[in-house]
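Student: Okay, handing you the structure first.
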Amino acid sequence: MLLINMLKNSETIIPKDFIIAFFLALSSLALSYQYIVPEVCGVYHDDAIYVSTAKAIAQGDGYRLINLPNSPKQTKYPILYPLLLAATIWKFWPQFPQNILYMQVIPHQRKQ
């Protein structure tokens, strides 16, 4: 009921606002597209760790660093992004390095 009253009392958004928001989002996507380097993983150290731990999760090996000898457990990085990659990318597109572009499309924070 409170939500309905808030909607009745709120200002209506004019179509001009939608047009501005659409073009801002479109220009943001176009600008960010130039920073995607297809078939490259490991430019930053973090992205290689996330990809390798996601592959380990997707293969059923657990949250481990399968790129290192004896595959030690990963204890430094949070698990949420590798879980997202494992659940979406590695399950549906397991062909590496063709799936790197799909991994780059999923938003994540990179250190600049």
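Only the coordinates and a few stated rules stand behind these numbers; no lab work does. All figures in this text were calculated on a predicted structure; none of them were measured in a lab. Cβ sites come from the backbone with ideal geometry, for glycine too, and all protein chains shown count toward neighbours.
Student: Sorted by packing (mean other beta-carbon atoms within 10 Å per residue), highest first, where do 21-34, 47-60, 77-90 land? Provide the component values of the computation, followed by the final result.
Tutor: Numbers: 21-34: 9.8, 47-60: 19.3, 77-90: 17.1.
Put in order of decreasing packing, that is 47-60, 77-90, 21-34.
Student: Counting only C-alpha contacts under 8 Å and six or more residues apart, can you give the relative contact order of region 45-105 as a whole percent? Display every interim value, and only then the final one.
Tutor: Values: 55 pairs, mean separation 17.7, N = 61.
Once normalised by length, the contact order is 29 percent.
Student: If I take every Cα pair under 8 Å that is 6 or more residues apart in region 13-78, average their sequence separation and divide by the length, what percent do I get for the relative contact order? Mind dumping the intermediate values first?
Tutor: Working: 32 pairs, mean separation 9.5, N = 66.
Averaging sequence separation for qualifying contacts and normalising by length gives 14 percent for region 13-78.
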